[in-house]
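The values are calculated or read from the model by the stated rules, or taken from the named source; none is laboratory data. No experiment lies behind these values; they were computed from the predicted model shown. Note: ideal-geometry Cβ built from the backbone for every residue, glycine included; neighbour counts use all protein chains shown.
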Amino acid sequence: MNETRGKRLLRALYRAALAGVDPCRRVEAALSEAKVERALGLAREVGVFAVGKAASGMVRGARGRFSRGLAVLPRDGPGFSWRGVEVLRSAHPEPDRSSVAAARRALEFFAGFGPEDVILCLVSGGASSLLALPRRGVTLSQKRRAVERLAARGAPIVELNRLRTRLSAIKGGRLGASTRARLVTLVLSDVPGDRPEVVGSGPTIRARREDLVWVIGGNADGLAAAQAQAGRWGLAVSRVRGRLSGEARDAGTRFARRASRLSPGEALVAGGETTVTLSTPRGRGGRNLEFTLGAALEIAGDPALFLLAAGSDGRDGSSRAAGAFADGRTVERARRRRLDPHRALSRHATDAFFDSLGDLFVTGPTGGNVADWAFALRL
């Protein structure tokens with residue numbers, strides 16, 4: 001009974017966090033602010049450009065505020081149809097020719113506005129792959145291999161996006177530099193420090209005084225919403241200071257140690273983005289699954305403690321899941337099924353491990369992306 005209740009409450013915390021960074025509502029709120037109203041009110045024409053995993057919802061939040069637009073979405077993400085908005089689908093997490101075509105179309109779109117116009121730029125995580133135009137002298141395959149090598153060594157998103165920017169003809173403000181229009185960039189952040197020039201590798205962040213750049217939401221906002229929901233249930237909630245980072249399984253162990261000190265009726269929340277240093281052979285999995293399995297090993301034998309780690313975008317690495325559940329009986333149940341948690345970690349085969357236990361957390365694409373969340377409850 002407690003296991004069912006634990007999963008139900010953890011799912012509800014995740015949904016509350018997701019609602020706390022709803023792209024549509026975040027953009028609607030930002031557009032009602034005086035500084036944005038002033039910037040758009042001065043324009044002869046307002047165009048909208050949206051790119052990233054949250055592009056669909058962000059454009060819906062801007063409805064009625066632009067005359068024409070371009071949106072670049074992941075192939076497997078939620079879509080939309082809006083009059084006057086051209087919608088392109090391109091590749092994620094690895095760019096391909098569709099990403100190059102989307103980047104070239106974005107350059108054409110930006111070039112079609114003049115100095116009396118404003119382009120409302122709605123940027124969210126995932127944009128680095130969805131828009132990819134290598135700089136002169138670099139091929140797309142060379143750029144992909146360079147990023148893949150760095151990612152395999154466990155590099156964090158900030159380092160990956162720095163490399164992508166160096167190898168790009170569109171990132172690091174270069175898309176923004178292709179237009180004479182003023183830019184208003186609203187950002188949903190998936191990176192540490194919520195630095196707008198890092199989100200999506202900052203394609204529209206250029207050094208012009210008349211531009212407006214504003215981060216309208218991020219991981220911490222989702223955590224705050226989850227904390228508020230837990231408080232409404234009467235749970236005492238604490239939050240891990242700082243962001244989750246480092247090797248995923250080790251971060252899961254640290255989180256579990258902190259969670260093991262919870263008293264009945266208490267919850268612990270945390271957010272950030274860990275990394276996985278890949279080895280061979282490799283199975284299906286992701287950083288949240290490895291985080292959860294590392295945590296499960298730490299809390300083995302503690303039947304009242306329940307955990308969930310999941311990505312806000314609904315996809316964890318090569319897994320079909322957003323993340324996974326664990327509790328103090330996870331390791332025991334696995335061994336009864338002759339599943340070896342240490343072997344699953346060493347082979348990065350965590351998807352099959354949790355699938356066998358019925359503990360994958362599958363949401364499908366959420367239409368958002370503000371990194372990952374972890375929740376723990378003691379019942």
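All of ARG254, ARG258, ARG282, ARG209 fail the test of being surrounded by fewer than 20 Cβ atoms within 10 Å (Cβ to Cβ), charged (D, E, K, R), in contact with a His (Cβ under 8 Å, 6 or more places away or on another chain) and not in a strand (DSSP E or B), apart from ARG282.
Checked across the range 140-153, the condition of being modelled with pLDDT of 95 or more, assigned to a loop (DSSP other than H, G, I, E, B), out of contact with any helix residue (DSSP H, G or I) (no Cβ under 7 Å at 6 or more places or on another chain) and among the charged types (D, E, K, R) holds for no residue. Can you go through ARG258, ARG232, ARG239, ARG254 and tell me which one is closer than 17 Å to VAL370 by Cβ and among the basic types (Lys, Arg)? Of ARG258, ARG232, ARG239, ARG254, the one residue that is closer than 17 Å to VAL370 by Cβ and among the basic types (Lys, Arg) is ARG239. Restricting attention to the range 230-244, the residues being in a strand (DSSP E or B) and either surrounded by fewer than 19 Cβ atoms within 10 Å (Cβ to Cβ) or touching a residue at least 40 places away in the same chain (Cβ under 8 Å) (or both) number 4.
Residue by residue, here is whether (1) aliphatic (A, V, I, L, M); (2) under 23 Å from GLY20 (Cβ atoms) holds:
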{"site": "GLY285", "(1), (2)": "no, no"}
{"site": "ALA304", "(1), (2)": "yes, no"}
{"site": "SER346", "(1), (2)": "no, no"}
{"site": "PHE361", "(1), (2)": "no, yes"}
{"site": "ALA371", "(1), (2)": "yes, yes"}
{"site": "ALA376", "(1), (2)": "yes, yes"}
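The single condition among (1) under 21 Å from THR366 (Cα atoms); (2) outside any strand (DSSP E or B); (3) in the same structural domain as ALA169 (by TED's automatic domain parsing) that ALA39 does not satisfy is (1). Just the residues that are of a type in the set (Lys, Arg) and either crowded, with 17+ Cβ neighbours inside 10 Å or within 30 Å of GLN229 (Cα to Cα) (or both), please, taken from the range 334-379. Once the filter is applied, which keeps residues that are of a type in the set (Lys, Arg) and either crowded, with 17+ Cβ neighbours inside 10 Å or within 30 Å of GLN229 (Cα to Cα) (or both), the range 334-379 yields ARG347, ARG378. A Cβ distance below 6 Å, combined with a sequence gap of six or more or placement on separate chains, defines the contacts here; from the range 297-318, residues that are closer than 28 Å to PRO74 by Cβ reach residues that are of a type in the set (Asp, Glu) and surrounded by 24 or more Cβ atoms within 10 Å (Cβ to Cβ) in the pairs GLY311/ASP372.
Conditions (1) within 18 Å of the chain's Cα centre (by Cα); (2) surrounded by 17 or more Cβ atoms within 10 Å (Cβ to Cβ); (3) closer than 30 Å to THR275 by Cα, marked per residue:
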| site | (1), (2), (3) |
| --- | --- |
| GLY69 | no, yes, no |
| GLY79 | yes, no, yes |
| VAL87 | no, yes, no |
| ALA91 | yes, yes, yes |
| VAL118 | no, yes, no |
| LEU131 | yes, yes, yes |
| ARG144 | no, yes, yes |
| ALA151 | yes, yes, yes |
